[in-house]
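Quick note: the coordinates plus some simple rules give every number you see, no bench work behind them. Just so it is clear, the model here is predicted, and its values are computed rather than measured. Every residue, glycine among them, receives a Cβ derived from its backbone with ideal geometry; neighbour counts consider all protein chains shown.
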Amino acid sequence: MNNAGTSRSGTPQILFGLAVGILVIFVAVPVLLIFFNALWVHGRFNVADVVNVLREPDTYKALLNSLILASGVTVTGTLVGTFFAWLVTRTDLPYKGAMKVLFLVPFMLPSFIGALAWKMLLSPRSGYINRLFVDVFGFDGPVFNIYSYGGIIAVETMYLFPFVFIQVCGALERMDPTLEESARISGADLFTITRKITIPLVLPSILSGSLLIMLYSMAHFGTVAVLGIEAGIYNIPTLIYERIHQSAGSFDAIRTGTVLSMVLVFTAAFIIWLQNKVLARGRYQIIAGKSFRPAELKLRGLRVPLLLFCFAYIGFTIVLPTTTIFMVGGLRTYGLPFALENMTLDNYHHILFEWDLTRDAIWNSISLGLASALITMFAGVIISYVIVKMKVRGKGLLEFLGMLPFSVPGSVIALGVILAWSGKFGINLYNTVWIILIAYIARYMAFSLKANSAALEQVHDSLVEAARASGATMWQALRDIVIPLVRPGMVAAFFLIFLPALRELTVSVLLYGPTSRTIGVAIYTLSEDGRFRSRPRSRARRVRGHAGAVRLRQDHDAAHGSGLRRYR
Amino acid sequence: MGGIRIEGLVKSYGARKVLDGLDLTVEAGECFTLLGPSACGKTVLMRLLAGFETPDAGRIVIGDTLVAGTGVHVPPDRRGIGMVFQDYAVWPHMSVRDNVAYPLKIAGIAADVRAGRTQTAIGQVGLAGLEQRMPSQLSGGQQQRVALARALVSKPALLLLDEPLNNLDANLREEMRFEIRELQQRLGITVIYVTHDQEIALALSDRLAVMDEKGCLRQVGAPDALFDRPADAYVYRFLGVANFIPVRKSAAGWRLPDGVTEWVGPLPDREGGHLAAGFRPNDVALSRSGAGLPGIVRRASFLGAQTDYLIEVGGVTLRAATDSRRAGAGGQLFRDNEPCRIGFHAVQWFDELDATGTVNAEDVSATTSGAGHE
């Protein structure tokens with residue numbers, strides 16, 4: 001009856017090994033290689049050189065810009081998000097429910113496409129709005145230059161404020177209204193209550209939302225790439241991209257990239273640490289209230305103006321850019337006025353069905369999205385299961401590894417997988433879709449872990465133990481009890497990954513090869529080519545190899561032929 | 001065949017030793033209760049029996065099989081036990097029938113046999129007619145029965161019940177208590193029942209063990225034996241509401257903590273200068289005059305059939321319970337702040353330190369303590 005050997009090093013160990021293995025291969029190794037490359041110069045540990053890289057004017061400027069932009073977006077996004085959250089939860093604004101949904105829409109739109117739209121509307125020379133003011137209203141110059149810090153901050157704010165909005169809405173809805181009512185009974189007026197009771201109570205949620213904005217904005221590539229480069233505004237991710245693309249993947253470029261990545265990782269880790277602290281402190285404050293309706297502030301005379309303001313905001317930030325994109329897409333030639341005789345659907349037909357480049361990109365993005373969402377979903381279940389449910393030795397290590405995906409921004413992951421998967425260790429996936437797949441898995445692991453561990457925490461241990469006591473082995477208990485119960489979390493994880501993966505840019509732009517463009521890359525490079533057309537500087541600077549192995553992309557391949565001209 | 005032998009069982013979590021060399025034997029076919037306060041290690045012991053935890057040292061033998069010991073760990077699914085959890089652990093995505101049939105399905109029992117046995121088990125717990133319901137459509141008591149049927153369906157020789165009646169209301173708890181007892185006797189299985197509720201323990205068990213916070217078994221025996229002849233004050237306190245009056249030997253006799261009042265009542269049956277008299281509220285006989293300790297009623301609570309008193313005597317506060325009707329007939333109902341005389345129907349003697357030291361460290365004289373404290 002001595003079956004200790006088999007049962008002790010059985011299923012739990014396999015699961016544990018699997019979980020650690022996935023995280024190490026997909027996340028830890030790339031990050032470690034980044035640190036190694038940044039700190040290990042010519043076979044020696046070298047911190048002084050890191051400082052030197054950071055003190056170069058370009059890198060220093062990029063760091064500063066990342067900080068300026070992130071801070072700006074955080075402040076504006078927090079103000080906007082908190083204001084609208086308060087408006088839709090605590091006032092008698094009409095159509096609150098619909099408004100709440102509408103304010104979440106920006107979350108689902110890719111911000112760099114928004115940036116492209118705003119570029120068409122507000123670029124100083126040719127932006128439609130600027131031209132309107134100059135041509136029709138007789139202004140001397142453009143009303144607003146989108147190629148500026150202000151422009152970038154404004155556009156990012158439009159897409160990132162939902163982070164705060166969601167958190168604060170949740171907090172305001174969950175807040176026990178008796179907390180406010182008792183203050184009211186004690187004789188406090190509404191202003192005092194807001195200042196002394198409401199704001200302190202939702203402050204943790206506001207802070208945690210704004211830290212999310214900061215985290216995201218710090219490592220954000222798309223908007224800055226589209227709007228900043230024209231005015232010479234680089235942040236960390238765009239500088240990494242620019243360096244890697246322009247300096248032939250030389251050692252220096254990679255090193256600058258890794259040093260910058262290291263800064264990003266540390267910043268992100270710090271922000272996440274801060275956020276956990278804020279949340280831990282705030283947890284006890286908001287009592288999950290019973291389902292009382294919180295007292296609503298009567299807006300009275302402001303009701304209609306505020307409603308109109310909300311409509312204006314939504315129209316301006318969602319409808320206007322989206323329509324612009326569709327309208328411009330329908331123009332026979334970019335730059336023509338929007339008149340019916342200038343519009344055509346041929347462009348869409350061409351892009352979707354005829355042109356190899358875009359057709360491949362669509363196919364690549366869909367298959368990459370599906371594959372990464374499926375793999376990450378299952379991997380996330382296994383890893384979360386080990387972290388949340390199992391008692392194994394060495395779980396501390398796994399918990400640490402499980403935190404990593406949250407603090408590693410996209411561009412860092414891209415750089416890391418270049419270092420890890422371009423032949424240095426015997427496998428060269430460079431220029432294939434596989435390397436993008438690996439990067440997507442690493443990038444979206446955090447989403448899957450979050451959704452799945454939330455679902456798993458709902459599954460009480462005793463449900464699994466009851467299955468074990470009923471004679472089920474660990475695998476049977478997983479199959480019959482755990483998986484069916486966490487299925488909603490898995491489905492959520494799938495869509496949380498599939499949808500953003502479809503439009504992913506930050507990672508793919510550093511990894512794509514001639515045949516592995518994604519939708520995001522196709523849009524970005526085509527619009528870049530539009531820019532390069534007018535300023536023919538960087539055509540020749542294409543990246544060659546890193547240590548002979550990293551053969552970063554050849555020329556922009558032959559694709560920008562006829563279709564591109566059509567796009568212009 | 002379903003007996004259990006536990007020898008020298010040790011289990012620690014980090015620096016905390018939950019069980020330290022525990023020995024226990026449970027006979028086959030016995031209904032055995034582990035009674036103890038929360039976090040005393042009784043659930044750990046249960047989980048060790050089920051195989052969810054592995055002991056640091058010691059052996060567990062179930063029937064004739066060594067299931068845990070040096071180098072041996074039989075996983076839960078191969079111990080052939082039934083278990084009912086405190087929170088029922090009824091699988092929310094399966095109907096009543098699927099829940100109950102699951103152990104048979106896992107065991108690979110043929111579908112027709114399975115259906116019959118499932119139906120029998122559902123009938124045994126009185127859920128016939130609810131087979132298609134989902135757990136969310138059941139009351140707490142019904143979910144409890146599903147869990148019980150699921151634990152019984154594979155005809156285990158050993159059934160482990162971990163505070164399964166905790167979340168039920170008082171009436172249902174009483175009803176389920178009898179049903180479990182009845183099923184256990186009818187099926188002749190061994191039952192280990194873990195609880196902190198002394199009433200259930202006394203009502204249900206053939207034998208019970210009182211466990212203290214350190215994971216030691218203070219006393220093992222039949223319910224009436226433990227109730228009438230508690231091994232120590234801990235067991236006494238745990239089996240019901242307990243009063244203790246510490247007394248000291250003086251030249252004249254025994255004195256209460258105020259140093260003045262003389263003890264009146266049954267005399268100590270043991271040696272020592274510092275003793276404590278233990279008695280239940282209904283061991284107290286109150287009268288207006290006559291023999292007894294002189295006390296003052298601090299608070300009288302009329303509860304219907306029974307009237308409860310808080311009484312101060314010689315620097316100690318006591319709880320007394322009297323039959324309202326009989327006391328009323330004899331003119332013996334007291335109001336707040338009336339003087340009274342306290343006599344005793346029965347007194348158990350303990351060493352003072354033992355009786356008072358662990359109860360209420362900051363206030364040794366107030367020794368009234370409720371049983372079944374969480």
**Report entry** For region B:81-201, the spread of Cα positions along each principal axis, largest first, Å
**Finding:** 42, 31, 19
Query raised in the report: What is the distance, in nm, between label points placed 7 Å from the Cα along the Cα-to-Cβ direction at A:VAL41 and at B:GLU262?
Result: 9.8 nm
Report summary line: Cα-only Rg/Rh for region A:315-378 with Kirkwood Rh rounds to 1.15
Report summary line: So A:PHE338 and A:ARG487, fully extended at 0.36 nm per residue minus their Cα-Cα distance, gain in nm 48.9 nm
Report task. Would you work out which of B:ALA209, B:HIS196, B:LEU66 lies farthest towards the positive end of the dipole of region B:4-228? Charges go on Cβ: Lys and Arg +1, Asp and Glu -1. Result -> B:LEU66
Query - Residue of B:VAL194, B:VAL90, B:VAL235 that the Gaussian network model of chain B assigns the largest fluctuation, springs spanning Cα pairs under 10 Å - result: B:VAL90
**Report entry** region B:47-99, relative contact order in percent, only Cα pairs under 8 angstrom and at least six apart counted
**Finding:** 26 percent
Report summary line: Which residues qualify? For A:ASN428, with a placed amide H closer than 5 Å and at least 5 residues away or on another chain, they are A:GLY423
**Report entry** Lysine-lysine proximity count for region B:4-228, Cα under 29 Å, sequence distance 8 or more or distinct chains
**Finding:** 7
Query raised in the report: Quick one: in region A:6-79, what % of C-alpha pairs are over 16 Å apart?
Result: 72 percent
Query raised in the report: GNM, chain B, Cα, under 10 Å: largest mean-square fluctuation among B:LEU49, B:LEU217, B:LEU24?
Result: B:LEU24
Report task. Could you grab the relative contact order for region B:4-228? Cα pairs under 8 Å, six or more apart, rounded to a whole percent. Result -> 29 percent
Query raised in the report: Can you give the Rg to Rh ratio for region A:213-255, taking only C-alpha atoms and Rh from Kirkwood?
Result: 1.02
Query raised in the report: Considering amide H positions built from the backbone, and no H for Pro or chain starts, which residues 5 or more places from B:PHE344, or on another chain, come under 5 Å of its amide H?
Result: B:ALA285
Query - Size descriptor, Kirkwood hydrodynamic radius, that averages inverse alpha-carbon separations across region A:103-186, Å - result: 15.6 Å
**Report entry** Order of A:TYR128, A:TYR524 - criterion: other Cβ atoms within 10 Å of each residue's Cβ, fewest first
**Finding:** A:TYR128, A:TYR524
Requested in this report: Give the Debye-formula value of log10 I(q)/I(0) at each listed q (0.22, 0.26 Å⁻¹), with one equal scatterer per alpha carbon of region B:247-297, two decimals each.
Outcome: -0.94, -1.21
Report summary line: Taking a straight Cα-to-Cα line shorter than 29 Å from A:LYS196, and setting aside same-chain lysines fewer than 8 residues away, one finds A:LYS96, A:LYS100, A:LYS277, A:LYS290, A:LYS298
Report summary line: Across the alpha-carbon set of region A:29-124, Rg over Rh with Rh taken as the Kirkwood radius works out to 1.20
Query raised in the report: Given 5 Å bins starting at zero, what is the percent of C-alpha pairs of region B:239-356 in each, up to the one with the largest pair distance?
Result: 2, 12, 22, 26, 18, 11, 6, 2, 0
Query raised in the report: So how strong a dipole does chain A carry about its Cα centre when Lys and Arg Cβ are +1 and Asp and Glu Cβ are -1, to the nearest 20 debye?
Result: 480 debye
Requested in this report: Using a Gaussian network model of chain B whose springs link C-alpha atoms within less than 10 Å, name the residue from B:PRO55, B:PRO268, B:PRO223 with the highest mean-square fluctuation.
Outcome: B:PRO268
Query raised in the report: What relative contact order, as a whole-number percentage, does region A:57-171 give when Cα pairs under 8 Å and 6 or more residues apart are counted?
Result: 39 percent
Query raised in the report: Where does each of B:ASP269, A:ASP360 land when they are ranked from fewest to most other beta-carbon atoms within 10 angstrom?
Result: B:ASP269, A:ASP360
**Report entry** Diffusion constant of region B:4-228 at 4 °C, which comes from Stokes-Einstein with the Kirkwood Cα-pair radius and 1.567 mPa s, µm²/s
**Finding:** 72 µm²/s
Query raised in the report: So what is the diffusion coefficient of region B:60-101 in µm² per second by Stokes-Einstein at 4 °C and 1.567 mPa s, using a Kirkwood Rh over Cα pairs?
Result: 102 µm²/s
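For region B:176-327, take N as its residue count and report Rg(C-alpha) divided by 2.2 N^0.38 Å.
Here the Cα radius of gyration is 1.28 times the empirical estimate.
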Query raised in the report: Volume per residue, Å³, of the convex hull around the alpha-carbon atoms of the protein assembly as shown?
Result: 255 Å³
Query raised in the report: Rg and Dmax of region A:305-455, using alpha carbons, in Å: what are they?
Result: 22.3, 71
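As a test of the formula, what do you get for chain B when each DSSP H run with n ≥ 4 contributes -39,500 (n - 2.57) and the sum is divided by the residue count, at 222 nm and rounded to the nearest 500 deg cm²/dmol?
It comes out at -7500 deg cm²/dmol, rounded to the nearest 500.
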Report task. Just rank A:ILE213, A:ILE197, fewest to most, by other beta-carbon atoms within 10 angstrom. Result -> A:ILE197, A:ILE213
Report task. Using only the alpha-carbon atoms of region B:1-126, report the extent along each of the three principal axes, biggest first, to the nearest angstrom. Result -> 48, 31, 26
**Report entry** Rh by Kirkwood over Cα pairs, then Stokes-Einstein D for region A:105-246 at 0.890 mPa s and 25 °C, µm²/s
**Finding:** 137 µm²/s
